[in-house]
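The values are calculated or read from the model by the stated rules, or taken from the named source; none is laboratory data. Since we're looking at a predicted model, the values are computed, not measured. Every residue, glycine as well, gets a Cβ built from its backbone with ideal geometry; the counts of neighbours run over all protein chains shown.
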Amino acid sequence: MKIDLTAEERQLLWQQLTPLQQQTLTDFKKYRLQSLFLTKNFLADQEWQFFDFKENPSYPFGESNRLYCRCGRELKYQFILKSKTSGELLNLGATHFAQHLSVEPQIARQIQQGLLQLDRGVDIILQSKAQGLRFPKRHYNLFKNHGLIKQAPTQFALRLAAFKAADLPIYDEDIQELIGYLKKAGLALPKLVNNQATPVNSGKNHFRELIFLLQKLEIGEAIETHLLLETLPVTQQELVRWLGFLTGGNFPVQLKQVANTWYRIA
């Protein structure tokens, strides 16, 4: 999967999202950016504190929702800072932190790097959505119905709930964390593991068994490879190779790999 989209590609995929999906991703980026300011302590010794963040998803195209820096430069990202004493609001672009606030230039570079990582994360979500991936509802239902949600950090639980409401695929690190909770609790997705005493097809064709098991997954659902390894008498190397075969269009099921996770897409 391509990691960094061009502005044109990103705009095209963004327009395919529903308003709720767009708002969900915008809210997530705002939260992550706010967390970046707090954890990195960028403005700890300054008069200004992080107040808000705006993004123009149409930048540099279109005439609506245009954002500007204090210097007049048009922006994709606008950071709104607030004076701790006067309450004055200051609109800035990431590259002008050092110039306007007299902070170290490396701070602006760190913020730019943080934005790049956020953009890459959203690009993966946009591409995953375009390829037919959806929110992992069965994973989430097990997670919620068995009370595991109470063990999870609040922000993780809130993020899952928001992405569920918008029916967006989640980040790879989130699906891995979600699967981790299920594994720790000894839970498996229904119908994924073959519970019969005799393996499917009597073990004569394990690749066919793999296809049989994957057909029980919903379209867009993540594949728990550890369960497949527990079910099929194959090595991890063999399983990965077979999953790679299934990214083609010549089989009853079709897969897509996103980062370290495989999903059924057809």
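Per-residue answers, yes or no, for (1) among the aliphatic types (A, V, I, L, M); (2) modelled with pLDDT of 85 or more; (3) within 23 Å of E177 (Cβ to Cβ):
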| site | (1), (2), (3) |
| --- | --- |
| E209 | no, yes, no |
| E221 | no, no, yes |
| E224 | no, no, yes |
| L227 | yes, no, yes |
| E230 | no, no, yes |
| P233 | no, yes, no |
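So in the range 174-194, with the set limited to residues that are modelled with pLDDT under 85 and either under 9 Å from L148 (Cβ atoms) or touching a helix residue (DSSP H, G or I) at 6+ places or on another chain (Cβ under 6 Å) (or both), which one is surrounded by the most Cβ atoms within 10 Å (Cβ to Cβ)?
L189
Inside the range 152-179, can you point out the residues that are in a helix (DSSP H, G or I) and among the charged types (D, E, K, R)?
In the first step, residues of the range 152-179 are kept if they are in a helix (DSSP H, G or I); the result is 154-166, 172-179.
Once the filter is applied, which keeps residues that are in a helix (DSSP H, G or I) and among the charged types (D, E, K, R), the range 152-179 yields R159, K164, D172, E173, D174, E177.
Just for the range 16-39: of the residues that are touching a residue at least 24 places away in the same chain (Cβ under 8 Å) and hydrophobic (A, V, I, L, M, F, W, C), which one is surrounded by the fewest Cβ atoms within 10 Å (Cβ to Cβ)?
Ranking the qualifying residues of the range 16-39, first place goes to L20.
Of all residues in the range 195-207, count the ones that are modelled with pLDDT of 80 or more and polar (S, T, N, Q). Steps first, answer last, please.
Here is the first cut: in the range 195-207, the ones modelled with pLDDT of 80 or more are 205-207.
Now restrict to residues that are polar (S, T, N, Q): 205.
The number of residues fulfilling the criteria is 1.
Would you mind stating whether Y59 is under 25 Å from the mean Cα position of the chain (by Cα), within 24 Å of Q155 (Cα to Cα) and at pLDDT 80 or above? Please lay out each step first, then the result.
Details: under 25 Å from the mean Cα position of the chain (by Cα): yes; within 24 Å of Q155 (Cα to Cα): no; at pLDDT 80 or above: yes.
No: the conditions fail for Y59.
I'd like to check which helices (runs of 4 or more DSSP H) are fully inside the range 90-151 and have at least 1 residues that are of a type in the set (F, W, Y) and crowded, with 18+ Cβ neighbours inside 10 Å. Let's see the steps before the verdict.
Details: elements: 97-101, 105-130, 137-145.
By residue number, 97-101, 137-145.
Only one residue in L228, L246 is more than 17 Å from Q131 (Cα to Cα) and surrounded by 14 or more Cβ atoms within 10 Å (Cβ to Cβ), so which one is that? Please lay out each step first, then the result.
Values: L246 fails: more than 17 Å from Q131 (Cα to Cα).
Residue meeting the stated conditions: L228.
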